[in-house]
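Read through the structure below, which is laid out as structure tokens, and then see the notes.
The values are calculated or read from the model by the stated rules, or taken from the named source; none is laboratory data. The structure displayed is predicted, hence computed values, not measured ones. Backbone-built Cβ (ideal geometry, glycine too); neighbour counts: all protein chains shown.
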Amino acid sequence: MGKFTEAIRKAAEKRIERVEKKEEAKPYVVRTVSDSKIDPHVLAYFDPTSPIAEQYRILRSNIQSINKAAPPKVLAITSAIHGEGKTITSINLAITFARDLNKESVLLVDADLRKGRLAKALGLAPHNGLADILNEGAKTEDLLLNIGIENLHILPSGNRPANPAELLGSAKMRNFVSEVRKQYDYVFFDCPPVVPVADAGVVAHLCDGALMVLQAGRTQKGIILHAQDRLHTSKVKILGYCLSHIEYHIPEYIYRYL
């Protein structure tokens, strides 16, 4: 019986070793561009065939399916509090829409006039942007940037103004949204978080709706409900929620399918 038990133990150890080696043989590695300064979390850019990039394609399909007759085309992307991943989500989503086979024109706007991170996340040098359009009358077409994707344009937040909420709620902002709505198939506004400041509700009110990014294991239910109430007060339609920082094991049979 002792020898039999020992044989079973050794067989089990070998099986576990084979399973571990098989899993280790398929590590998830982001393919980087040699001279790119884009944040490595922008997987839709670096590794569009990855399982995570596929999740953004699913999100794109879900957004397009909200109203098939007239899908939302101008979206505000926000979060309840800071640090939940809204900017990275905005970038990944915009790239995913731009790389659709239909080649729609996409504009990604940094509407966080207080602490805009869009340009930095894309490895772009400080540049004039939305604030300069609203504050000084700069022309939109003179401020658009590109990261190598032909039908995707980037508009940074620009020089930080003294009155961001007032600028975002101005007639100039309404005119800007109306203008880009006509010129692009899809427009994404990367907005500040909802709870600390009023800006997100002001911008989202001008859009077809808002997508809320929530960090798994961090954002408390009470904070989420408070953010929802603030958006509803601003008459904003919440299109859905995106849960960030999810970690899970992807079985081998899914890897084989992908």
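Some points to look at:
- Complete set of residues in the stretch 134-157 that are small (Gly, Ala, Ser) and either at pLDDT 95 or above or within 21 Å of Ser79 (Cβ to Cβ) (or both): Ser157
- Subset of the stretch 55-91 that is among the basic types (Lys, Arg) and under 13 Å from the mean Cα position of the chain (by Cα) - its residue that is surrounded by the fewest Cβ atoms within 10 Å (Cβ to Cβ): Arg57
- Residue that is modelled with the highest pLDDT, among those in the stretch 220-255 that are more than 30 Å from Asn175 (Cα to Cα) and touching a strand residue (DSSP E or B) at 6+ places or on another chain (Cβ under 8 Å): Ile224
- Check on Ile95, outside any loop (DSSP other than H, G, I, E, B) and either surrounded by 15 or more Cβ atoms within 10 Å (Cβ to Cβ) or in contact (Cβ under 8 Å) with a residue 12 or more places away in the chain (or both): yes
- Residues in the stretch 52-85 that are in a helix (DSSP H, G or I) and within 16 Å of Phe188 (Cα to Cα): Tyr56, Arg57, Leu59, Arg60, Ser61, Asn62, Ile63, Gln64.
- One residue from Ala131, Ala165, Ala94 being modelled with pLDDT under 95, under 30 Å from Ile223 (Cα atoms) and either under 17 Å from the mean Cα position of the chain (by Cα) or not hydroxyl-bearing (Ser, Thr, Tyr) (or both): Ala165
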